[in-house]
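The values are calculated or read from the model by the stated rules, or taken from the named source; none is laboratory data. All figures in this text were calculated on a predicted structure; none of them were measured in a lab. Using ideal geometry, Cβ is built from the backbone for each residue, glycine included, and neighbour counts are taken over all protein chains shown. Just the protein is used for accessible areas: all its heavy atoms, side chains included, with ligands, DNA and RNA removed. Shrake-Rupley method; radii C 1.70, N 1.55, O 1.52, S 1.80 Å.
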Amino acid sequence: MALAGLKVIEFAGLAPGPFAGLILADNGASVIRVDRPSAASNDVLCRGKRSIIVDSKQANGRKLLEEMISMADVLIDPFRPGVLERLGLGPELFLGNGKRKGLNEKLIYARIVGTGPHKDMAGHDINYLALSGILAMLPGTKDKPTFPLNLMADFAGGGVMCAVGILLALIDRGRTGRGQVVNADMVSGTRYVSSFPLIQNYLSSPLIGGPRGSNLLDGGSPFYNVYTCKDGRWMSVGCLEPHFFKVFIELFTKTMPPDFDPVCGWKPEPSTQFQRDEWPKLAEYLTKGFLMYSRDFWADVYHGTDACAVPILTPKEAGEQSSNIPVTHPQVSEKNAGKHHVLKDIVIKSGTHTAEVLQEYGYDAGLVRRLTDEGVIEGESLPTTFKL
């Protein structure tokens with residue numbers, strides 16, 4: 001595993017921070033999640049991680065965290081600006097400030113941050129997506145755009161970009177011997193992963209440069225869209241290139257019964273593709289045509305062709321299909337999340353690994369018992385499971 005031996009401390013948070021930690025854990029890093037006392041564990045991005053409970057409000061708890069971070073390679077900070085500084089665990093303590101030596105100057109101190117005048121405000125994926133300029137470009141109704149769950153800012157612009165920043169900082173540390181602060185700005189990150197549509201929009205290209213909903217890639221074109229089938233399930237169509245559209249439309253018209261005539265005698269040809277004034281007719285023809293048969297019927301029609309038309313699978317169907325695909329290493333993927341994974345293997349009970357982790361970090365049984373008695377740490381059977 002590419003990151004074997006890497007020690008990561010991840011403060012428990014939501015979405016982007018845990019996802020960055022998940023990417024590292026999936027590739028061999030030892031990721032320790034720091035949970036708060038009495039905090040319910042509802043994070044499902046825990047695969048391959050371990051959990052300890054430390055009360056950072058107590059002086060001994062803060063001291064314990066300071067010592068552990070001083071031995072780590074990476075710290076993932078998911079909080080608003082200033083939270084760890086108020087605990088006395090800010091980056092200057094570990095990386096130094098130019099005047100005073102830090103406790104761990106090789107540390108990669110990764111933070112998930114907001115942006116500009118909104119950096120101190122509460123926010124979620126939809127808010128950061130809105131500020132990025134991308135939400136205004138996304139498909140939806142004629143009245144408003146629709147957001148793609150919480151994928152863009154939380155995971156692509158936040159978690160993935162944070163993990164990339166950590167990996168780049170580790171490469172740089174190999175050259176310089178020094179760590180650094182990695183700031184993963186979810187708004188800037190969302191704009192970065194959206195470089196292609198943003199540039200296309202700036203250039204006023206036909207791909208996505210016009211008003212929302214009128215372009216090739218945002219639902220404006222009938223040959224790059226989603227269609228409902230007879231059984232209520234859906235097919236995806238993405239035949240942008242003329243030779244792919246030719247395969248698609250010839251198979252489609254061939255499949256229709258002889259009396260199928262939804263547009264009063266009009267039928268599409270390969271040359272129809274870029275005749276924009278014909279797009280409303282093409283859209284109606286395809287919409288009513290797909291409703292003639294089930295999704296799986298259409299999937300069989302187009303399977304093995306270059307029509308760029310495939311069924312829209314449910315999460316369960318996609319999981320069953322992907323579990324049969326061989327995985328090679330190194331690879332950032334769901335490789336540890338096969339179809340036999342159950343929820344208990346994904347969600348970690350807070351504090352499950354407190355004793356185990358502290359032992360690895362060199363703390364003796366007497367100190368662990370004292371911290372347990374003081375309520376600084378919590379975990380399952382701490383005094384009895386800790387090995388002398």
Study note, to complete from the structure: The condition of being at negative phi and open to solvent by 40 Å² or more (accessible area, probe 1.4 Å) holds, among PRO91, PRO117, PRO78, only for PRO117
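Taking the residues in the stretch 285-301 that are within 16 Å of ARG233 (Cα to Cα) and aromatic (Phe, Trp, Tyr) as candidates, determine which candidate is most open to solvent (accessible area, probe 1.4 Å).
Initial filter on the stretch 285-301 (within 16 Å of ARG233 (Cα to Cα)): 286-301.
Those left that are additionally aromatic (Phe, Trp, Tyr): 290, 293, 297-298.
Values: PHE290: 0, TYR293: 57, PHE297: 79, TRP298: 0 Å².
Taking the candidates together, the pick is PHE297.
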Review point. In the stretch 285-308, which residues are polar (S, T, N, Q) and either modelled with pLDDT under 95 or touching a strand residue (DSSP E or B) at 6+ places or on another chain (Cβ under 8 Å) (or both)?
Key: THR287
Check your understanding: Quick check: is even one residue across the stretch 201-216 under 26 Å from PRO145 (Cβ atoms), out of contact with any Gly (no Cβ under 8 Å at 6 or more places or on another chain), open to solvent by 50 Å² or more (accessible area, probe 1.4 Å) and among the hydrophobic types (A, V, I, L, M, F, W, C)?
Key -> no
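Starting from residues that are assigned to a loop (DSSP other than H, G, I, E, B) and without any contact (Cβ under 8 Å) to a residue 40 or more places away in the chain, keep the ones in the stretch 62-83 and report whichever is nearest to the chain's Cα centre (by Cα).
At the first step, the residues of the stretch 62-83 found to be assigned to a loop (DSSP other than H, G, I, E, B) are 71-73, 78-82.
Adding the requirement that they be without any contact (Cβ under 8 Å) to a residue 40 or more places away in the chain leaves 81-82.
Details: PRO81: 22, GLY82: 25 Å.
Top of the filtered list is PRO81.
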Review point. Exactly one of (1) over 16 Å from VAL357 (Cβ atoms); (2) out of contact with any Pro (no Cβ under 8 Å at 6 or more places or on another chain) is unmet by ASP35. Its number?
Key: (1)
Review point. Taking ALA184 and the conditions (1) in a loop (DSSP other than H, G, I, E, B); (2) within 20 Å of ALA25 (Cβ to Cβ), which numbered condition does it fall short on, given that it satisfies the others?
Key: (1)
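Run down ASP172, ASP120, ASP185, ASP125 and say which single residue is charged (D, E, K, R) and modelled with pLDDT of 95 or more. It would help to see each step written out before you state the result.
Details: ASP120 fails: modelled with pLDDT of 95 or more; ASP185 fails: modelled with pLDDT of 95 or more; ASP125 fails: modelled with pLDDT of 95 or more.
Matching residue, one of ASP172, ASP120, ASP185, ASP125: ASP172.
May I ask you to list the residues in the stretch 369-388 that are assigned to a helix (DSSP H, G or I), open to solvent by less than 90 Å² (accessible area, probe 1.4 Å) and either at pLDDT below 90 or outside the structural domain of HIS353 (by the TED database) (or both)? Let's see the steps before the verdict.
Narrowing the stretch 369-388 to residues assigned to a helix (DSSP H, G or I): 369-373, 382-385.
When the remaining residues are screened for being open to solvent by less than 90 Å² (accessible area, probe 1.4 Å), the result is 371-372, 382-383, 385.
Those that are assigned to a helix (DSSP H, G or I), open to solvent by less than 90 Å² (accessible area, probe 1.4 Å) and either at pLDDT below 90 or outside the structural domain of HIS353 (by the TED database) (or both): LEU382, PRO383, THR385.
In the stretch 21-51, what count of residues is obtained for those that are touching a strand residue (DSSP E or B) at 6+ places or on another chain (Cβ under 6 Å) and touching a residue at least 24 places away in the same chain (Cβ under 8 Å)?
To start, the set of residues in the stretch 21-51 that are touching a strand residue (DSSP E or B) at 6+ places or on another chain (Cβ under 6 Å) comprises 21, 24-25, 29-35, 37, 49-51.
Narrowing further to those that are touching a residue at least 24 places away in the same chain (Cβ under 8 Å): 21, 24-25, 29-30, 32-35, 37, 49-51.
Count: 13.
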Check your understanding: Do we find a residue being assigned by the TED database to the domain that holds ASP364, at pLDDT 95 or above, part of a helix (DSSP H, G or I) and among the β-branched types (Val, Ile, Thr) anywhere in the stretch 47-54?
Key -> no
Practice item. Could you tell me whether LEU282 is of a type in the set (A, V, I, L, M), open to solvent by less than 40 Å² (accessible area, probe 1.4 Å), at pLDDT 95 or above and not assigned by the TED database to the domain that holds ARG33? Key: yes
Review point. Going through the stretch 197-255 one residue at a time, which ones are in a strand (DSSP E or B) and of a type outside the set (A, V, I, L, M)?
Key: TYR224, ASN225, TYR227, THR228, TRP234, SER236, GLY238
Point to revise | Residue within the stretch 325-339 that is modelled with pLDDT under 65, among the hydroxyl-bearing types (Ser, Thr, Tyr) and within 20 Å of the chain's Cα centre (by Cα) present | key: yes
Point to revise | When residues of the stretch 132-152 are limited to those that are touching a residue at least 60 places away in the same chain (Cβ under 8 Å) and within 18 Å of ALA184 (Cα to Cα), the one most open to solvent (accessible area, probe 1.4 Å) | key: ASN150
**Study point:** Selected residue (criterion: nearest to ASP231 (Cα to Cα)) from residues of the stretch 295-321 that are in contact with a Leu (Cβ under 8 Å, 6 or more places away or on another chain) and in the same structural domain as GLY238 (by the TED database)
**Key:** VAL301
